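Colleague: Okay, here's the structure, questions in a sec.
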């Protein structure tokens, strides 16, 4: 707190934003100390939907924990599946057939697009524009339909297995995925016309909620938040995993660090994901989708292992400590939103309430991922 | 109707206006939902009645059947007065609006003044509603609504003064009477001042802001302030705010069409009457809805800057240019 | 490149044991073990090198010492068996009274080492994950604190982002980060007095 705020004649009041508030998109509470419409201090209060996934991990076998991973960040559940599966595969030394890895990447990228689409809609909703949400929902629906056919679920996927996939895709998958790529390519200019070029929206986003690269480093912010602050950090390129090294795609980076930059990073990422999907479909070989020699009961050797993937919101890491039995000894889930929201308190100081809501939206928070 | 005793005339108009305000709000709610639906690639209400037209009636019955709860620690008097006040102002301004050549409750010669005098009381309703419900969001919202309304009343009244200078009367019927056909509408620059289209745009934007409609709906910015000044209201308390808001929207658009678009006059000179007034007003209301479902919300400071730095200078320019032109020609 | 520079910089710390690990199989490049007191120094070194913080967490090694002791006992028993066999052999060869009297002694020793003596105290492992935005270098810093007195200094003075991670570790393990601005429960309810990730926690 600054000196002028400590002055007893200086009057502030506390405003509780949440746990039930339209702008927090879930049960997150932000305790705001306000000076009129200016924020003096902001303190996020977490834990309203804490479920202790890490303890559950210690009480289940490796396979039994799989469905939990889809319930952390329920909007990009496949990325989380991917992170967990790869961590266990790394620990147990299982290699995955190439076709399975390609299918993993394609479905993860489809999931990333659907996640970003929902975010765009919800973000503009935070800014008072209702219509883009329904357009985004409409496009997202096509992706969910396709993923539903492949994985059997629409939101909390549990599609990957140690050593491959639960099942191969059907014959219509490729045509469906290509149709989605085409549809999204046609639709993106519409989004830019409606949202990116909207003068009111630009005024509300440009220069609002600046986050510096140094702040990202000190707080461990990753994903589009870091990339909007000029840090070209993307686990897919930085620490290549799966078949990403064989695919050609760019990492969109914007230097401004404001809410507009974070918005543009995500819009560009949709385009890059479309490229990845297209290339993946082209390069995908035939063959099995499950490794042949996968033990029925996974017992990784003693030791600890780390695996990070680029989820839609940043770097999701799994630290797995194995004691050689069929359950993890300790399973640490490093969620990107947790780190991203931790810088909100510092970034929101001195902002207007309306701008803080815009910035809060631009961080793209999924509350179950923060609270775990 | 002059042959009827005065008391019947008053009763007929009071009943008529009350019925119109209610039905108009019901229709506008339905229209808003239909417009929003079609703008958003969906179809809106369709179950209740043909094309869902009875949806608002069902909503109204539901709102009326709800218990009126006064929150603990809220100011019970202010809390109850606010929705009534917003409704009363909305009904009262209808008194001087000429729907047709003879269809006006009170054809008085300061009609324009009366509308603005009463409509500005609406701000008070928002303020006491926000203050009385003992909610921080409501208080923030009320202060926002007041500063916004004060800011936009200034340019709006300056444009109205411009119009009064051109017409030479504050009687709404007389203002309409002077705009015979399409070419004589006051929106066109050859009818008194070359800046009349600018005056229309200023008036329209200001009436959006005055009625708290998007993109200036800062008072009830739902993603920031939950629901603004009516956060704590439920049932018919909320319903009255709603009715009042749609009443004010109608009045704003009706005034725009009276001042600039020739009110009940026909653009081509055939059959002037109430239908033309309705068509013009509802078209403007459609534009208001169209704007609402297209644009995101501005911030309070952007809004105030727009008023004091853009709207006020422009409206003053309109006033000065018009005065000069009236003097010269 | 980065790995070498960091290895050198961290190696300068008094208690640090720096080991290079295989990224392909383990997922990190440097495995650093330091004393609890030197955690802040290590964080400062990594901060100066431009690392960002990924996570801070703990691991409860309850029963580890017992297991180690058992293993040691097993080893000792095996050694004793071998020794016995050897002694028997020598006895057969030598055939004197001394040889017949000597065998019980090592058995007693093994018993003393295995059961009679309390095993050393179990500890919490605190794991800090660091990563670098520009170069591929993941550093895992580990330290051990005793279970009865799980105190170590906070690194939130160096990395403000560690604040919440440390609060979370305090929630889950009861680790006490001295100098931390606010250790009230973050994810658990505000009146929580339990630490669910401790291995002896029973709900």
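Colleague: How far apart, in nm, are two points set 7 Å out from the Cα along the Cα-to-Cβ line at residue B:66 and at residue A:246?
Modeller: For residue B:66 paired with residue A:246, the spin-label model returns 5.8 nm.
Colleague: GNM on chain A, C-alpha springs below 10 Å: top fluctuator among A:259, A:76, A:153?
Modeller: Highest fluctuation of the listed residues: A:153.
Colleague: Could you work out the relative contact order of chain A, using alpha carbon pairs under 8 angstrom and six or more residues apart, expressed as a whole percent?
Modeller: 27
Colleague: May I ask you to give the average projected area over all directions of the convex hull of the Cα atoms of the protein assembly as shown, in nm² rounded to one decimal?
Modeller: Values: hull surface 200.3 nm².
Its Cα hull, projected and averaged over all orientations, spans 50.1 nm².
Colleague: Running Debye on segment A:213-347 with equal point scatterers at the Cα sites and no solvent, what base-10 log of I(q)/I(0) appears at q = 0.13, 0.15, 0.20, 0.22 Å⁻¹?
Modeller: Here log10 of I(q) over I(0) equals -0.71, -0.87, -1.15, -1.25.
Colleague: Residues of A:314-326, mean number of Cβ from any other protein chain within 10 Å of their own Cβ, rounded to a whole number?
Modeller: Partner Cβ neighbours, averaged per residue: 2.
Colleague: Would you calculate the separation in nanometres between label points at residue B:161 and residue C:37, each defined as 7 Å from the Cα along the Cα-to-beta-carbon direction?
Modeller: It works out to 7.9 nm between the two label points.
Colleague: At q = 0.08, 0.09 Å⁻¹, what is the base-10 log of I(q)/I(0) for segment B:69-328 according to the Debye formula with one equal point scatterer per Cα and no solvent? Please give it to two decimals.
Modeller: -0.32, -0.41
Colleague: Once the Cα atoms of helix A:173-191 and of chain A are each reduced to a long axis, what angle between those two axes, in degrees from 0 to 90 to the nearest 10, is obtained?
Modeller: With rounding to tens, the tilt is 20 degrees.
Colleague: Just to check, using Stokes-Einstein with a Kirkwood Rh over alpha carbon pairs, what's the diffusion coefficient of segment A:289-369 at 20 °C and 1.002 mPa s in µm²/s?
Modeller: Diffusion coefficient, whole number: 137 µm²/s.
Colleague: Would you mind putting A:330-340, A:18-28 in packing order, based on average other-beta-carbon counts within 10 Å, highest first?
Modeller: Top to bottom by mean Cβ count within 10 Å: A:330-340, A:18-28.
Colleague: Before rounding to the nearest 500, sum -39500 (n - 2.57) across all DSSP H runs of length at least 4 in the protein assembly as shown and divide by the residue total; then give [θ] at 222 nm in deg cm²/dmol.
Modeller: The per-residue figure over the protein assembly as shown is -16000 deg cm²/dmol.
Colleague: As an exercise, use a Förster radius of 22 Å and the Cβ-Cβ distance of residue C:74 and residue A:297 to find the FRET efficiency, rounded to the nearest 0.05. All intermediate terms of the calculation are to be shown ahead of the outcome.
Modeller: Working: r = 25 Å, r/R0 = 1.15.
Plugging the Cβ-Cβ distance into 1/(1 + (r/R0)^6) gives 0.30.
Colleague: Express the relative contact order of segment A:126-235 as a whole percentage, based on alpha carbon pairs under 8 Å and six or more residues apart in sequence.
Modeller: Over segment A:126-235, the number comes to 17 percent.
Colleague: Any idea what the relative contact order of chain B is, in percent, if you count C-alpha pairs under 8 Å spaced at least 6 apart?
Modeller: The normalised contact order for chain B reaches 23 percent.
Colleague: Rounded to the nearest Å, what's the spacing between the alpha carbon centres of segment A:27-63 and segment A:177-254? Just the number, please.
Modeller: The two parts, judged by their Cα centres, are 25 Å apart.
Colleague: Once the Cα atoms of helix B:196-210 and of chain B are each reduced to a long axis, what angle between those two axes, in degrees from 0 to 90 to the nearest 10, is obtained?
Modeller: Once rounded, the angle reads 20 degrees.
Colleague: Based on the inverse mean of 1/r over its pairs of different Cα atoms, what is the Kirkwood hydrodynamic radius of segment B:50-148, in Å?
Modeller: On the way: mean 1/r = 0.0628 Å⁻¹.
So the Kirkwood estimate lands at 15.9 Å.
Colleague: Sticking with this structure for a sec: Name the residue, out of B:214, B:199, B:102, whose mean-square fluctuation peaks in a Gaussian network model built on chain B with Cα pairs under 10 Å.
Modeller: Judging by the Gaussian network model, the answer is B:102.
Colleague: Simple spin-label model, 7 Å along Cα-to-Cβ: residue C:176 to residue C:202 in nm?
Modeller: Label at residue C:176, label at residue C:202, 2.6 nm between them.
Colleague: Oh, and also: What's the Kirkwood radius of segment B:111-241 in Å, using all Cα pairs?
Modeller: 16.3
Colleague: If packing is taken as the mean number of other Cβ atoms within 10 Å per residue, what is the order of A:218-224, C:13-19, C:51-57, A:55-61, highest first? Mind showing how you got there, number by number?
Modeller: Values: A:218-224: 28.4, C:13-19: 14.6, C:51-57: 26.3, A:55-61: 16.4.
So the order, starting with the most tightly packed, is A:218-224, C:51-57, A:55-61, C:13-19.
Colleague: As an exercise, use a Förster radius of 41 Å and the Cβ-Cβ distance of residue B:57 and residue B:188 to find the FRET efficiency, rounded to the nearest 0.05. Show your work: numbers first, answer last.
Modeller: Numbers: r = 41 Å, r/R0 = 0.99.
That pair, residue B:57 with residue B:188, gives E of 0.50.
Colleague: As a test, work out the antiparallel percent of DSSP beta bridges whose residues both lie in the protein assembly as shown, rounded to the nearest 5.
Modeller: Bridges in the protein assembly as shown that DSSP calls antiparallel: roughly 90 percent.
Colleague: To the nearest 0.05, how large is the calculated FRET efficiency for residue C:136 and residue C:48 if R₀ is 22 Å and r is the Cβ-Cβ distance?
Modeller: The value I calculate is 0.70.
Colleague: Most exposed first by the Cβ proxy, i.e. fewest other Cβ within 10 Å, how do C:166, A:278 rank?
Modeller: Placing the least packed residue first, the sequence is A:278, C:166.
Colleague: Here's a follow-up. Quick one: Cα convex hull volume of segment A:107-207, Å³ per residue?
Modeller: Once divided by residue count, the hull of segment A:107-207 is 111 Å³.
Colleague: Could I ask something else about it? For chain A, state the semi-axes of the equivalent ellipsoid (square roots of 5 times the eigenvalues of the alpha-carbon gyration tensor), sorted largest first and rounded to whole angstrom.
Modeller: Details: eigenvalues 258, 129, 55 Å².
Semi-axis lengths for chain A are 36, 25, 17 Å.
Colleague: Sort B:297, A:217, A:313 so the one with the fewest other Cβ atoms within 10 Å of its own Cβ comes first. If you can, show how the numbers build up before the last one.
Modeller: Values: B:297 26, A:217 23, A:313 29.
Fewest to most other Cβ atoms nearby, the residues stand as A:217, B:297, A:313.
Colleague: Once the piece of chain linking residue B:325 and residue B:43 is laid out straight, how much longer is it, given 0.36 nm per residue of separation minus the C-alpha distance between them?
Modeller: Here the answer is 96.6 nm.
Colleague: Also, quick follow-up: For A:127, C:62, A:72, which order do you get if you count the other beta carbons within 10 Å of each Cβ and list the fewest first?
Modeller: C:62, A:72, A:127
Colleague: Out of B:136, B:62, B:280, any idea which swings most in a Gaussian network model of chain B, alpha carbons joined below 10 Å?
Modeller: Fluctuation is largest for B:62.
Colleague: For a quick protection proxy, order the peptides A:101-114, A:284-297, C:133-146 by their average other-Cβ count within 10 Å, most packed first.
Modeller: Sorting A:101-114, A:284-297, C:133-146 by mean packing, highest first, produces A:101-114, C:133-146, A:284-297.
Colleague: Can you give the Kirkwood hydrodynamic radius for segment A:2-98, in Å, rounded to one decimal and based on Cα pairs?
Modeller: When all Cα pairs of segment A:2-98 are included, the Kirkwood radius is 17.1 Å.
Bear in mind that the values in this text are calculations on the coordinates, not laboratory data. What you are looking at is a predicted structure, and each value in this text was computed from that prediction instead of being measured. Every residue, glycine among them, receives a Cβ derived from its backbone with ideal geometry; neighbour counts consider all protein chains shown.
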